[in-house]
Every structure is written in C-alpha cells, then in structure tokens.
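Following: one structure in structure tokens, then a few remarks.
Every number in this text was worked out from the coordinates using simple rules, so none of it is lab data. Model, not experiment: these values are computed from the prediction. Cβ placement follows ideal geometry from the backbone for every residue including glycine, while neighbour counts extend to all protein chains displayed.
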Amino acid sequence: MHEILKRIQADMSSFRTETNERFAILEDLVRKQRRDTAGLLVMAKSVTGTFAEELAAIEERVKVLEARGG
C-alpha cells in the first residue's frame with residue numbers, strides 16, 4: 001500500500017516539474033512573440049508613414065500638372 005502511495009507521489013511530483021518546464025517554455029515563447037509583434041508594428045507604422053509622404057508628394061505633382069494644363 002505504501003509503495004503505491006509513494007509511486008503516486010513521485011508521479012505527481014514529476015508531473016508538476018514537467019508542467020512547470022512547459023509553462024516556462026510557453027512564457028519564453030510569448031515574450032518572444034510580443035517582441036516580434038512590437039517590431040512588426042514599428043515597421044508597419046514606418047511603412048505607412050513613408051507611403052503617406054510619397055502619396056502627398058505625388059498629389060502635389062498632380063496639382064502642378066493640372067494647373068499647367070488647366
């Protein structure tokens with residue numbers, strides 16, 4: 001009877017250890033994904049800002065061309 005209880009206790013202990021290891025891996029992965037996502041957001045904002053500037057420059061050129069031809 002005591003052997004069974006000892007084995008159950010050992011199994012629970014190893015399960016707890018394995019679970020903690022898995023959570024640690026998941027926490028690391030979540031942190032990495034948050035950093036990656038933040039980097040992607042910065043790049044996306046940069047691209048949209050550049051696009052807006054280029055679009056404004058094109059609009060100005062169009063206005064100049066329309067003023068010449070109109």
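Net charge near residue 66, counting Lys/Arg +1 and Asp/Glu -1 over other residues with Cβ under 12 Å of its Cβ?
So the surrounding residues net to +1.
Using the Kirkwood radius over C-alpha pairs as Rh, can you work out the diffusion coefficient of the chain via Stokes-Einstein at 37 °C, viscosity 0.692 mPa s, in µm² per second?
Once the numbers are plugged in, D ends up at 186 µm²/s.
Once label points are set 7 Å from the Cα along Cα→Cβ at both residue 45 and residue 64, what is their separation, rounded to one decimal in nm?
Once both label points are built, they end up 3.2 nm from each other.
Counting Lys and Arg as +1 and Asp and Glu as -1, what is the net charge of the other residues whose Cβ lies under 14 Å from the Cβ of residue 29?
+1
From the helices alone, meaning DSSP H stretches of at least four residues, give me the mean residue ellipticity at 222 nm for the chain, per-run term -39500 (n - 2.57), in deg cm²/dmol to the nearest 500.
-37000 deg cm²/dmol
Count the net charge of all other residues whose Cβ sits under 15 Å from the Cβ of residue 47, scoring Lys and Arg as +1 and Asp and Glu as -1.
Details: positive: 45; negative: 53, 54.
Residues near residue 47 contribute -1 overall.
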